[in-house]
Amino acid sequence: MRASGLYQRLRSSSTTRLFSSKISAPKYTLAISRQVPESFPNALTKYAQGQEPIFLDRAHHQHEFYLESLRKYVPTLCLPPLNFHADSVFVEDTVVAIGKQAVITKPGHPSRQGEVDTIQDCLKQLGIKVTDMRDSADAICDGGDVLYSGRHLFVGLSARTNLEAVKVLEKAFGIETIAVPFADEALHLKSVVTHMDPTTLLVPAGAFGDEVLQAMQADKLGYEAIRLPDIKACNVVSVNGAILAQDIECGESRQMLLDAAAKRNLTVAFVSTSEMAKCDGALTCCSVLLSI
Ligand code: CIR
């Protein structure tokens, strides 16, 4: 991604403000999710290609367990399935919500754009102020590219999300926003980096992780980065004192997560996501966390 005027402006505005370490994590009051559709085995797959087919029954069971795990920490609403949209279980991509405000996205893949209307209706019924990104002709965005750490809004410039979307998000939320170009090695920014608390990021070990951290200006902005050997361990749902983490095999990553969580007084729950992973999905993508 070439640095454009907006990209430069976002970078410089990000570096001039002061870091405050006293910010606590948002308190979430409701999560929105959506049931796995019968068409799920036809979900889009790019990065996880070549695996065995998706098993629908197993996907239903894993999703149930995900909801059960999430409900221990936040009341969770599960919307009915959208059977004409194979990827619609990945609700995260349709909306970015912070506090009582939300931006409905225009997902970057055309097959996913029909998923947003029902989410928009649901948010409006919950009394959330909704901005519709579709009103900005050129903006495209998957919510999986938007990481709100509680302090900053990081927006990955992937094949699904562009600078126009960054502009819409920055204006809607008025939060310090950092555009993060990253190599085409993963679907979304949050496929490779999420936060454990407002000052701690989980990032893969190695050169790719180094590049992402640099693009995020993580050091300058006062983040500690925990570098995990297994990239899948970097996608966690951080919710009300708990971390939902993928049930990975890498013992070293598991232990590092457990140690980092214990140090921060956070509980860890491991959740299986093998069927979601077969179509580039992870944990964050199956819910939207609201503070209303
Ligand atoms: C897609 O390609 O759109 C889906 N198969 C996967 C979306 C995963 N979403 C996410 O991580 N936020």
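Taking all protein chains as present, what is the carbon and sulfur share of the accessible area of the chain, in % to the nearest whole number, probe 1.4 Å?
51 percent
Straight-line reach from Lys190: which aspartates and glutamates fall under 12 Å, measuring Cα to Cα and dropping same-chain residues less than 8 apart?
Leaving aside aspartates and glutamates fewer than 8 places away in the same chain, those within reach of Lys190 are Glu92, Asp93, Asp142, Asp145, Asp280.
Using the Cα centre as the reference, give the magnitude of the dipole from point charges on the C-beta atoms of the range 79-168 (Lys, Arg: +1; Asp, Glu: -1; all else neutral), rounded to the nearest 20 debye. It would help to have the intermediate numbers written out before the result.
Working: 9 positive and 12 negative charges, 65 e Å.
Once rounded to the nearest 20, the dipole reads 320 debye.
Give the distance, in whole Å, between the Cα centre of the range 50-74 and the Cα centre of the range 223-291.
15 Å
Shape call for the range 26-127 from the C-alpha gyration tensor, a ≥ b ≥ c root eigenvalues: rounded (a/c under 1.5), prolate (a/b greater than b/c) or oblate?
Oblate, since a/c reaches 1.5 and b/c is not below a/b.
With runs of 4+ DSSP H residues as the only contributors, calculate the mean residue ellipticity of the chain at 222 nm using -39,500 (n - 2.57) per run, divided by the residue total and rounded to the nearest 500.
Rounded to the nearest 500, the figure is -8000 deg cm²/dmol.
Under a plain spin-label model, where a point goes 7 Å from the Cα along Cα-to-Cβ, how far apart in nm are Lys220 and Asp259?
Between Lys220 and Asp259, the label points sit 3.1 nm apart.
Subtracting the Cα-Cα distance from 0.36 nm times the residue separation, let me have the gained length for Phe65 to Asn83 in nm, one decimal.
Full extension from Phe65 to Asn83 adds 4.4 nm.
To the nearest µm²/s, what D does Stokes-Einstein give for the chain at 20 °C and 1.002 mPa s, using the Kirkwood radius over alpha carbon pairs as Rh?
113 µm²/s
Can you order the peptides 73-86, 141-154, 42-55 by their average number of other Cβ atoms within 10 Å per residue, highest first?
Highest-to-lowest ranking by the protection proxy: 141-154, 73-86, 42-55.
In nm, to one decimal, how far is the Gln51 label point from the His109 one, both placed 7 Å along Cα→Cβ?
For the pair Gln51/His109, the computed spacing is 1.3 nm.
For a quick check: with amide H placed at 1.01 Å from N, whose amide H comes under 5 Å from Ser291's, ignoring anything fewer than 5 positions away on the same chain?
Amide H neighbours of Ser291, under 5 Å, 5+ apart: Thr29, Gly99.
Collect residues whose amide H, placed 1.01 Å from N in the peptide plane, falls under 5 Å from the amide H of Leu157; neighbours closer than 5 in sequence don't count.
Close amide H contacts, sequence-distant or interchain: Val180, Phe182.
Among the lysines, which have Cα under 17 Å from the Cα of Lys263 when same-chain residues fewer than 8 positions away are ignored?
Lys22
Mind listing the long-range amide H neighbours of Val268? Cut-off is under 5 Å, sequence gap 5 or more, other chains count too, H placed in the peptide plane at 1.01 Å from N.
Hits under the 5 Å cutoff: Ile243.
The values are calculated or read from the model by the stated rules, or taken from the named source; none is laboratory data. Worth saying up front: this structure is predicted, and the values here are computed from it rather than measured. Don't worry about glycine lacking a Cβ; one is built from the backbone with ideal geometry, like all the others, and counts go over all protein chains shown. Ligands, DNA and RNA are excluded from the accessible area calculation, which covers all protein heavy atoms including side chains. Shrake-Rupley method; radii C 1.70, N 1.55, O 1.52, S 1.80 Å.
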